[in-house]
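Student: One structure, as structure tokens, below. Some questions next.
The values are calculated or read from the model by the stated rules, or taken from the named source; none is laboratory data. Everything numeric here is computed off the predicted structure, so don't read it as measured data. Cβ: placed from backbone, ideal geometry, glycine included. Neighbour counts: every protein chain shown.
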Amino acid sequence: MDQATNESLRSQQAPLSHAEIRTIIIGVMIAMLLAALDQTIIATALPTIGHELGDFEHLPWVVTSYLLASTAVTPLYGKFSDIHGRRITLLIGIVIFIIGSIACALAPSMIILVLARGLQGIGGGGLIAMAQTIVGDLVPPKERGRYQVYFASVFMSSSLLGPVLGGFFAEHLHWSVIFWINLPLGLIALVIAYRGLRKLPRHDRPHKLDILGAVIMVSATVSLLLALSWGGLRYPWLSAPIGGLIALSLVLWVAFAFRMRLASEPLIPPGVMRNPVVRMGTLAACFAMGTYIGLTIYLPVYFESVRGISASLSGLGLIPLMAGTVVGATLSGRSMAKVRHYKRLPVAGIAVAVVGSIILAAVPGLPIWAVEVILGVLSIGLGTILPVTTVSIQNAVALHDLGTATGAANFFRSLGGALIVAVFGAILLGMSGLQGAGSFESLGEVAARSGVDLSHVFGYIFWAAAAGFGLALVFLIAMKELPLRGSAVKAAEAAIAD
């Protein structure tokens, strides 16, 4: 690395006061809350929306269109921010999200609502990754773990408040309030981002966006997510539509791999994904978070169909699973600034998650209080991996690749979640004989009407969860434990020198 680059890095690292950093953190947390809340608040309002718009056939697309759009564009935001800066990228994401929210609130038909949700997803897809990237610009790696705790708290809050608010708004006000509430939150985030991020250090370099590569990757992602969303629910796994989508996705992913090799500057630089810390950290987070997402979707079915708990109380049964992740993330994030071997705690934590899943699988007759205790301990162990993987990935790359690496990690983590949810669904549908449920939420109702005992089936799902956490543990152990730099500039210089 030449002297000019050194001077450029030092000049760009403008000092920020604690108050300025705190203001920026609040702004990006509100932006992240917008994206996280919109993934959970809609579920309990779906029946009301379908009734008022007179269209239940396309109702699942209200969720699917947002998922497809938000997942597919995540790497684009990371690369775009490395080219043009974090501030303008975050502002674009917030503006698109607000416009999409207004379109959703005013939608006169289900088709318009589905399209508006896709637009909203295009804006929301970059908010979470950009929030993590901005913290990476602001805070040196050694101190970064404690700020990841705040983001875990945002996810827990949205998971707990979202369903409650969605049901309340739909029942007592109007379902459109679900989307109107994004306006004040979005405007606050927009003002803070516009003003506060002016002083954000710039580490971007001259880049160009690989448009063809982006089109291929988005098409491959959408094809795969459609297959994973529809398989076993809307169409049988071995049907022509699912097989065709999977085949199309494979062909497109192969084309994307060739594009990465041939493009002068590919969308995801091969050097980023060849970085062993990025690769292993991404895989560890992918399996850990994917398994967690799968449990959050299928545990309500378990509580209702196996344990006989009402639908409203089954949501409360998820509190230990969700709250524990924040506790684990807090412990792990704070310890990163104090200990040298920061991997030891998450390695032990994920091992505990494996053991907890095995107990749930091997002892199906546990009392409900014991299940909740195990879920709480399991989630604390799971939470310890979240700050470590994110910070380790960011610590291993140059600052001008920070957005690309963070965006790619979030992208593959989302894909992993969709894949593991599909695996859990295939186990449940294949072993129970349930077909045509139409959505994950209605599986419990179909099982009850069919008289199917799901207790045995869920034993295999818990074994699958143990395997998912086990793979996360293997990749976490394989991830190299680089020293965390105490200065963002030193981190950038060392990463470039490597």
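Residues are listed down the side, and each one gets a yes or a no for (1) within 28 Å of SER158 (Cβ to Cβ); (2) free of Cβ contacts under 8 Å to residues at least 24 places away in the same chain; (3) part of a helix (DSSP H, G or I); (4) touching an Asp or Glu at 6+ places or on another chain (Cβ under 8 Å):
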| site | (1), (2), (3), (4) |
| --- | --- |
| GLU265 | no, no, no, yes |
| VAL277 | no, no, yes, no |
| MET280 | no, no, yes, no |
| ALA284 | yes, no, yes, no |
| MET289 | yes, no, yes, no |
| LEU295 | yes, no, yes, no |
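Student: Please go through the stretch 345-396 and give me each residue that is outside any helix (DSSP H, G or I) and within 22 Å of the chain's Cα centre (by Cα), ordered by number.
Tutor: Result: THR384, ALA396.
Student: Only one of these is crowded, with 16+ Cβ neighbours inside 10 Å, over 23 Å from the mean Cα position of the chain (by Cα) and in a helix (DSSP H, G or I): ILE246, ILE242. Name it.
Tutor: The unique qualifying residue is ILE242.
Student: Still on this structure, please answer the following. Which ones in the stretch 77-111 are surrounded by fewer than 24 Cβ atoms within 10 Å (Cβ to Cβ), not in a loop (DSSP other than H, G, I, E, B) and not β-branched (Val, Ile, Thr)?
Tutor: HIS84, ARG87, LEU91, ALA103, ALA105, MET110, listed by residue number.
Every residue, every condition in (1) modelled with pLDDT of 80 or more; (2) within 17 Å of GLN132 (Cα to Cα); (3) of a type in the set (Val, Ile, Thr), yes or no:
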| position | (1), (2), (3) |
| --- | --- |
| SER8 | no, no, no |
| ILE26 | no, yes, yes |
| LEU59 | no, no, no |
| LEU68 | no, no, no |
| GLY78 | no, yes, no |
| ASP82 | no, yes, no |
| ARG86 | no, yes, no |
| ILE94 | yes, yes, yes |
| ALA107 | yes, no, no |
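Student: Scan the stretch 75-129 residue by residue and report those that are farther than 28 Å from ALA45 by Cβ and polar (S, T, N, Q).
Tutor: Scanning the stretch 75-129 gives SER81, THR89.
Student: Right, next: Can you work out which of the residues in the stretch 111-131 that are among the small types (Gly, Ala, Ser) and over 11 Å from ASN410 (Cα atoms) is farthest from the chain's Cα centre (by Cα)?
Tutor: That would be ALA116.
Student: What is the number of the single condition among (1) surrounded by 24 or more Cβ atoms within 10 Å (Cβ to Cβ); (2) touching a His at 6+ places or on another chain (Cβ under 9 Å) that LEU382 does not meet?
Tutor: Of (1) surrounded by 24 or more Cβ atoms within 10 Å (Cβ to Cβ); (2) touching a His at 6+ places or on another chain (Cβ under 9 Å), only one is false for LEU382: (2).
Student: Looking for whichever is outside the structural domain of GLY85 (by TED's automatic domain parsing) and under 19 Å from VAL327 (Cβ atoms) here; the options are VAL397, VAL352. Which one fits?
Tutor: Checking each option against the conditions leaves just VAL352.
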